[in-house]
Amino acid sequence: MFPMDIPYKLRPYQREALREFFLNDCRGIVEMPTGVGKTIVALFAIKMVGEKTAIIVPTIPLAYQWYEKIKKCGASCSLYYGGEKRISKITIFVVNSAVTNGFNLLDNFSFFILDEIHHYASPVFSKLLEKLDGKKVLGLSATVQRIDGRHHLLLSKIPLIYRMSIKEASENGFVAPINLHKVMTQMTKEERKEYDECEETLRKARIILGTLNPDKLRECTNDPDTRELALAALSALAKRRTILSNVKDKMSKVLEICRKHTNEKILLFSESIESIENIKRFLVQHGVKCGTYHSKKHKNKNKRIMEAWSNNKIQVLLSCKALDEGIDVPECSVGIIIAGTSSTRQMVQRIGRIIRPKQGKTAKIYVVYVPNTVEAYQVNQIENLINQKLDKYLIT
């Protein structure tokens, strides 16, 4: 057992997840919503297994968050990525380095924490799974399921041993109660015309090519007979996403929501950097203090924006995928999702940012969408995730 002074108490469901992990010979995946304490389960597992441990994470910011959490437990650890390469009894690897420079070094470890494990089913990272055959492995994810179906490869190697849905977490008070508000908007005639043109291209592709999956469409571009239509479909998918993200009426609806919650922090998600920058300009013009957080900003600027939001100097923080996972977000009670084409996993991550528990808190989640578009499906998807009505969102 590692000498770690973990400053948290295990909740009953975390204890149950740990129990299942040890009953399954220290090998399995724990799936829980963002904000209910997957990392705490992992910290206790590291302490109780007491063997040389490699923690593998998808991003550098997440690596540093793990580093700080382990240090708070009074344990020594090190980082292994492009900017720093040190090995210790507890080593945190960024996955790109783990599958390249550090691949052979993994043989020196007997216990592995795979954070955001859904990433490691990708063609680039899946060789990591072969490396860990027969080893002690704890995988963590809010949603193991992947759009490309490769989660089945993952689950064939490492079983899902504990799962908690958003609904279960909410009903048991592990996260804040959720109020979902569906906010309908309207397209202009020009926006609808462009959208319908995209839909017509996609309709043809669906009939002729049999798919709108981007990966499969890219495969179709290798065949001279299907190349032109596949490229047109890929372009239509991108354009449709841009059109929906930038519907003018959505900005007005967002402003109404912000004015309704003037004394609360608001976190807004959209599908593109262009979209959140446009919404930010609109809100600033109407007197709302806000800032954007995204991958094209320098990390120091993003850090300052996050601090300003944490300290209530700005009311609204707008992001696209940069906050989906791997970043600790301060507690807030209002979330706005500008509907688009996000995956189920992204929806779970985004909802999880808003539902972290706090005494007396109710999480208000607004989904701003255009009816009679693909966004109507996404609204149903979010509602079903919260109510857990459909088996299609369960990993089997």
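The values are calculated or read from the model by the stated rules, or taken from the named source; none is laboratory data. Computed from a predicted model, the values in this text were never measured in an experiment. Using ideal geometry, Cβ is built from the backbone for each residue, glycine included, and neighbour counts are taken over all protein chains shown. Calculation scope for accessible area: heavy atoms of the full protein, side chains included, ligands and nucleic acids excluded. Shrake-Rupley method; radii C 1.70, N 1.55, O 1.52, S 1.80 Å.
A few notes on this one:
- Straight-line cross-link partners of Lys135 among the lysines, defined as a Cα under 28 Å from its Cα and at least 8 positions apart when in the same chain: Lys9, Lys38, Lys47, Lys52, Lys69, Lys71, Lys72, Lys85, Lys89, Lys127, Lys157.
- Most fluctuating residue given options Cys290, Cys332, Cys220, as computed from a GNM of the chain linking Cα atoms under 10 Å: Cys220
- Radius 9 Å from Cβ of Ala233, net charge of other residues (Lys, Arg +1; Asp, Glu -1): +2
- Computed [θ] at 222 nm, helices only, for the chain once each DSSP H run of length n ≥ 4 contributes -39500 (n - 2.57): -13000 deg cm²/dmol
- Between helix 189-209 and the chain: long-axis angle, C-alpha atoms, 0 to 90°, nearest 10: 60
- Region 105-141-region 231-264 distance, computed between alpha-carbon centres (Å): 37
- Solvent-accessible area of Phe111 with every protein chain in place, 1.4 Å probe, in Å² to the nearest 10: 0
- Total formal charge among the other residues, if their Cβ is under 15 angstrom from that of Met187, Lys/Arg +1 and Asp/Glu -1: +1
- Angle between the chain longest axis and helix 227-245 axis [Cα atoms, degrees, rounded to 10]: 90
- When the charge dipole of region 122-243 is built from unit charges on Cβ atoms (+1 for Lys and Arg, -1 for Asp and Glu) and taken about the Cα centre, the candidate among Ala142, Ala236, Thr188 whose Cα reaches farthest toward its positive end is Ala142.
- Per residue, the average separation of C-alpha pairs within less than 8 Å and at least 6 apart gives the chain a relative contact order of 18 percent.
- Close amide-amide hydrogen proximity is noted between Ile29 and Gly139, Leu160, Ile161, Tyr162, each under 5 Å apart and 5 or more residues distant or on a separate chain (H modeled in the peptide plane; Pro and chain starts excluded).
- Of the Cα atoms belonging to region 115-236, the radius of gyration and Dmax stand at 20.5, 59 Å.
- For the chain, the longest principal axis of the C-alpha atoms and the axis of helix 248-260 are separated by about 60°.
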